[in-house]
Amino acid sequence: MRRHRPEELAKAPAKDPRDLPDVSGLIVGVLGGTGPQGKGLAYRLAKAGQKVIIGSRAAGRARAAAGELGHGVEGADNAECAQRSDIVIVAVPWDGHGKALEALREELTGKLVVDCVNPLGFDKKGAYALEPAEGSAAQQAAALLPESRVTAAFHHLSAVLLQDPDIDEIDTDVMVLGEERADVEIVQALAGRIPGMRGIYAGRLRGAHQVESLVANLISVNRRYKAHAGLRVTDV
């Protein structure tokens, strides 16, 4: 039997978590791209050079919003948006989340899906987190889309800042959750396309509820201090 030399038995160097794939050639679809969050993400990604298609239930409405955004953004109905995209960001309102994904199950098969929906309720005391039966919006997406690769990200971004053309950089971190590290790294890299933004791995989908729920606290902070607070993690 051949003996292995010590240098052969040494472990390969660990992969640098900052070494992320090139995603510049991928087409990004944004379902709910005519709403504040979806529109803001579409604008920032397109401005950074990403090919973006925004989707809506009404194709005409999506095309009108795309025309407003410029930077080569296209508009289509949700089904066409999903079909033509490599990565699909879900930015639909929470009350239509399940129904929208269920209707697009076939179009989203094999796609990398990024859920950024925050299940929130509002009353006279302010915003509060809702807990879906599946545990979170992202877990609901995973349950409804068994043939898709579901991740969760972009929850804490201010739609106001995203849509402000006078702001060149969005100085914030994006927590990315998912089951497959390769998929998470693609989303991290996508976040990093936006100047000032950084994508960081934040665990598996089972932790998505905590991330989604934090938005209720951020809304309270922003209302109290008239700010647009996001999230910034210390050096990682």
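The values are calculated or read from the model by the stated rules, or taken from the named source; none is laboratory data. Predicted, not measured: the structure shown is a model, and the values here were computed from it. As a convention, Cβ positions derive from the backbone with ideal geometry for all residues, glycine included, and neighbour counts pool all protein chains shown. Remember, those area values only see protein heavy atoms, side chains included, never the ligands or the DNA or RNA. Shrake-Rupley method; radii C 1.70, N 1.55, O 1.52, S 1.80 Å.
Taking Cα atoms only, the orientation of helix 208-225 departs from the longest principal axis of the chain by about 50 degrees. Against the chain, whose longest principal axis comes from its Cα atoms, helix 59-69 is set at around 80 degrees.
Based on protein heavy atoms only, the stretch 71-196 ends up with 43 Å² per residue of surface accessible to a 1.4 Å probe. Toward the positive end of the charge dipole of the stretch 60-178, with +1 on the Cβ of Lys and Arg and -1 on the Cβ of Asp and Glu, the farthest Cα among 167, 87, 143 is that of 143. Modelling each spin label as a point 7 Å along the Cα-to-Cβ direction, I'd like the residue 159/residue 99 distance in nm, to one decimal. Reported label-point gap for residue 159 and residue 99 is 1.8 nm. Given their separation in residues at 0.36 nm each and the Cα-Cα distance between them, residue 84 and residue 130 gain 13.3 nm when the chain is fully extended.
For the stretch 136-182, the normalised intensity computed at q = 0.13, 0.16, 0.27 Å⁻¹ comes to -0.43, -0.59, -0.98 (log10 of I(q)/I(0), Debye sum over alpha carbons, equal scatterers, no solvent). Between 0 and 90 degrees, rounded to the nearest ten: what's the tilt of helix 181-192 against the longest Cα principal axis of the chain? Once rounded, the angle reads 50 degrees. Counting only protein heavy atoms and a probe of 1.4 Å, the accessible surface of the chain is 51% carbon and sulfur.
Given the convex hull of the Cα atoms of the chain, what is a quarter of its surface area in nm²?
Value for the chain: 16.2 nm².
From its DSSP helices (H runs of at least four residues, each -39,500 (n - 2.57)), the chain gives a residue-normalised ellipticity at 222 nm of -10000 deg cm²/dmol. Taking the stretch 44-155 as the region of interest, the number of lysine pairs whose Cα atoms are within less than 29 Å, with members eight or more places apart or on different chains, is 6.
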